[in-house]
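The values are calculated or read from the model by the stated rules, or taken from the named source; none is laboratory data. What you are looking at is a predicted structure, and each value in this text was computed from that prediction instead of being measured. Cβ placement follows ideal geometry from the backbone for every residue including glycine, while neighbour counts extend to all protein chains displayed.
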Amino acid sequence: MDKRVELRLCGEQDIERLARIKTDRDLWEYEDDIPTDLTEVEDTIRRRMAGTSYRQYLICLLDADRTVIGELHIHWYVKERQSWELGYALFPAYRRKGYCIEAVRIALEYAFTQWGAHKVVAMVNSFNADSSKVLDRVGMKREGVFRRELPWRGQWADQWFYSLLEEEYHPIRSR
């Protein structure tokens, strides 16, 4: 299958757009603690991008306009253990088309082949079936449940913990 998306590393020119994405409640429907102060979010993004432990990308179509269809971030989870955590959001019009799977695969490739990751993890609200499917499709394993971990819509939701180990990644890459 031909590549349809790329991850574009964000720079200063993207901070305002990223802040709007990260404060858009429609994109983060399975989170309850969405920030609302754009200036504060911009400052956080700027601080994270200045360091070496956080990578922020825009997910772009490989069309003539490099249309932005979402965001993906990956950062150290536990540095001493060489583990990274990833998260993402795709605009609703681009969901269920395989774009997110492609973007996550690119991030996994970076983590394992360029950054020396031993493990990549992701956490997902148990009600977020689409995100769970993405993680399953890229070969990540659901290895734990944080029971009633997330306050969500007036109730407590379980959070599923996914991971992929370095030695599990390479066979997936060749598929």
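So that you can scan it fast, the table gives a plain yes or no per residue for (1) touching a residue at least 60 places away in the same chain (Cβ under 8 Å); (2) farther than 26 Å from VAL68 by Cα:
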position: PRO92; (1), (2): yes, no
position: CYS100; (1), (2): no, no
position: VAL121; (1), (2): no, no
position: ALA129; (1), (2): no, no
position: GLY139; (1), (2): no, no
position: ARG142; (1), (2): no, yes
position: PHE146; (1), (2): no, yes
position: ASP158; (1), (2): no, yes
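Please verify whether GLY144 is at pLDDT 95 or above, surrounded by fewer than 17 Cβ atoms within 10 Å (Cβ to Cβ) and either under 20 Å from LEU7 (Cα atoms) or among the hydrophobic types (A, V, I, L, M, F, W, C) (or both), treating the condition exactly as stated.
On the way: at pLDDT 95 or above: yes; surrounded by fewer than 17 Cβ atoms within 10 Å (Cβ to Cβ): yes; either under 20 Å from LEU7 (Cα atoms) or among the hydrophobic types (A, V, I, L, M, F, W, C) (or both): no.
Judged against the criteria, GLY144 is not a match.
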**Asked** Given LEU62, LEU86, LEU72, which one is within 20 Å of VAL138 (Cβ to Cβ) and touching a Phe, Trp or Tyr at 6+ places or on another chain (Cβ under 8 Å)?
**Response** LEU72
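So, in the stretch 87-107, how many residues would count as being assigned to a helix (DSSP H, G or I) and among the charged types (D, E, K, R)? Reasoning before the result, please.
Taking the stretch 87-107 as the starting set, the residues that turn out to be assigned to a helix (DSSP H, G or I) are 92-94, 99-107.
Right, trim to among the charged types (D, E, K, R) and you get 102, 105.
Residues in the stretch 87-107 being assigned to a helix (DSSP H, G or I) and among the charged types (D, E, K, R): 2 in total.
Tell me, please, whether a residue that is of a type in the set (Lys, Arg) and assigned to a strand (DSSP E or B) can be found in the stretch 123-143. Before you say what the answer is, go through the steps one by one.
Kept after step one, since they are of a type in the set (Lys, Arg), are these residues of the stretch 123-143: 133, 137, 141-142.
The next check asks that each one be assigned to a strand (DSSP E or B); those that pass are 141-142.
Yes - at least one qualifying residue is present in the stretch 123-143.
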**Message:** Kindly evaluate TRP156 against the criterion of being closer than 18 Å to GLU31 by Cβ, over 18 Å from the mean Cα position of the chain (by Cα), modelled with pLDDT of 95 or more and among the aromatic types (Phe, Trp, Tyr).
**Reply:** yes
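From the set of residues in the stretch 14-46 that are among the basic types (Lys, Arg) and out of contact with any strand residue (DSSP E or B) (no Cβ under 9 Å at 6 or more places or on another chain), which is farthest from TYR94 (Cα to Cα)?
Residue satisfying both the conditions and the ranking: ARG46.
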**Item:** Some residue of the stretch 166-175 being surrounded by fewer than 13 Cβ atoms within 10 Å (Cβ to Cβ), at pLDDT below 95 and among the hydroxyl-bearing types (Ser, Thr, Tyr)
**Value:** yes
**Request:** Within the stretch 89-110, work out how many residues are buried (at least 20 other Cβ atoms within 10 Å of the Cβ) and more than 14 Å from VAL138 (Cα to Cα).
**Result:** 2
